[in-house]
1. Across region 126-139, what is the total count of residues that are away from the ligand (no atom under 12 Å from the Cβ) and open to solvent by less than 40 Å² (accessible area, probe 1.4 Å)?
2. Could you please let me know if Leu249 is at pLDDT 95 or above, assigned to a strand (DSSP E or B) and surrounded by 14 or more Cβ atoms within 10 Å (Cβ to Cβ)?
3. Can you list residue pairs whose Cβ atoms sit under 8 Å apart, with the first residue in region 124-153 being farther than 24 Å from Glu81 by Cα and the second being assigned to a helix (DSSP H, G or I) and within 14 Å of the ligand (Cβ to nearest atom)? Count only pairs 6 or more apart in sequence or on different chains.
4. Would you point out the residue of region 58-116, among those that are within 16 Å of the ligand (Cβ to nearest atom) and small (Gly, Ala, Ser), that is nearest to Arg281 (Cα to Cα)?
5. Is at least one residue of region 85-107 within 22 Å of Ala45 (Cα to Cα), over 17 Å from the mean Cα position of the chain (by Cα) and open to solvent by 30 Å² or more (accessible area, probe 1.4 Å)?
6. Would you check if there is a residue in region 1-17 being among the hydrophobic types (A, V, I, L, M, F, W, C), at pLDDT 95 or above and more than 19 Å from the chain's Cα centre (by Cα)?
7. Given the criteria among the aliphatic types (A, V, I, L, M) and closer than 30 Å to Ser270 by Cβ, does Ile161 qualify?
8. Here is a check on your reading of the model: is Thr214 assigned to a helix (DSSP H, G or I), assigned by TED's automatic domain parsing to the domain that holds Val269 and out of contact with any Pro (no Cβ under 7 Å at 6 or more places or on another chain)?
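The values are calculated or read from the model by the stated rules, or taken from the named source; none is laboratory data. These numbers were taken from a predicted model, which means no experiment stands behind them. Virtual Cβ from ideal backbone geometry, glycine too; neighbours counted across all protein chains shown. Each accessible area value is taken on the protein alone, full model and side chains, heavy atoms only, with ligands, DNA and RNA left out. Shrake-Rupley method; radii C 1.70, N 1.55, O 1.52, S 1.80 Å.
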Amino acid sequence: MTVLVTGGAGYIGSHMVLRLADAGEKVVVLDNLVTGFDWAIDHRAELVEGNAGDMDFVGKVIAEHAITEIVHFAGSIVVPESVENPLKYYANNTATSRNLIEAAVKGGVKHFVFSSTAAVYGMTGLAPVIEETPLNPMSPYGRSKLMTEWMLADVAAAHPITYGVLRYFNVAGADPAGRSGQSTPMATHLIKVACQTALGQRDKMAIFGTDYETPDGTGVRDYIHVTDLIEAHALLLERLRAGGDSTTLNCAYGRGYSVREVIDTVKAVSGVDFPVEEGPRRPGDPASITATGERVRKLLGWTPRHDDLNEIVKTAFDWEQHLIRRNR
Ligand code: UD1
């Protein structure tokens, strides 16, 4: 049994590689290293450099390494960028996934785990969503991911492959042992931007929109620690291997924090009162998106262990300091 992790050199994928390698699994990483880093890949995994959408190439990788499962992280993830450059998202997310899925089917891969997103729901109001909440993505990013969800459902109905879709809410934090974290220099993630500002790598930061229909007027998100998110992947893989049906699950804690609350937490954890400006709304952003996370707990027995905003911020902040030392 060898697991192929696409995007294994990236933020979330590199944590999956650690989790699989820690469990003694054989892991092959497929990454084009456009946004990921080879140094982020644990030494116990093998890196194959290339594109997840290159069907012939992936077919060879599957055959050569006797791949039985694929965990597919590779893709583009920035909501506002998808509004400006939708075709990039339909290429890197939808078209790449289509070819990867075909290579998986042809290569006899048994199980496929896909990184989807809360962005498939779109504007949901302030109540937490469940998996049955109507899907109405408001960005090309959300639509590019939803199309892959649909493809997987159609393909699994026609071929002997089972899949798990995990809809991520706002993934943040870093490996508590300090082995990996969010390393993209110009990442747009709120917690990363705030940590970088606290550390003086940015002069200031902005709050994107203060006139939302939320308690303090700023955007509300359900921040989930990357290590808890990865545990859901491991449990899902276990379930699929045991013969479990294909399934779609929200990965969230069920508690939303506003942009102001997150910034205050970063200020408290870092001990730095950095400059924050109030700016206009960012295109493609919903006011609030949180989920109950009940189904993932029930179905997989998932129990979050890092569901504390202070801990999320502390691990992200520690990682940012590590990156500064590393890049000196
Ligand atoms: C993030 C993910 C997306 C995922 C979604 C799920 C990234 C890059 N995006 O999007 O893939 O589908 O969660 O909910 O990982 N903000 C500021 N100032 C900043 C940066 C952000 O005010 O400098 C605000 C945003 O307007 C938003 C919140 O902070 O209200 C979170 O933004 P961000 O961290 O960029 O994540 P999402 O856009 O929610």
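1. Count: 2.
2. Yes, satisfied.
3. Final answer for the pair search is Val129/Ala118.
4. Kept after step one, since they are within 16 Å of the ligand (Cβ to nearest atom), are these residues of region 58-116: 72-86, 88-90, 92-94, 96-97, 114-116.
If we keep only those that are small (Gly, Ala, Ser) as well, we get 74-76, 82, 97, 115-116.
Working: Ala74: 28, Gly75: 25, Ser76: 21, Ser82: 16, Ser97: 31, Ser115: 26, Ser116: 24 Å.
It comes out as Ser82.
5. The answer is yes; a qualifying residue exists.
6. Going through region 1-17, the residues among the hydrophobic types (A, V, I, L, M, F, W, C) turn out to be 1, 3-5, 9, 12, 16-17.
Then drop every residue that is not at pLDDT 95 or above, which leaves 3-5, 9, 12, 16-17.
When the remaining residues are screened for being more than 19 Å from the chain's Cα centre (by Cα), the result is none.
No, that holds for no residue.
7. No.
8. Values: assigned to a helix (DSSP H, G or I): no; assigned by TED's automatic domain parsing to the domain that holds Val269: yes; out of contact with any Pro (no Cβ under 7 Å at 6 or more places or on another chain): yes.
When the stated conditions are applied, Thr214 does not pass them.
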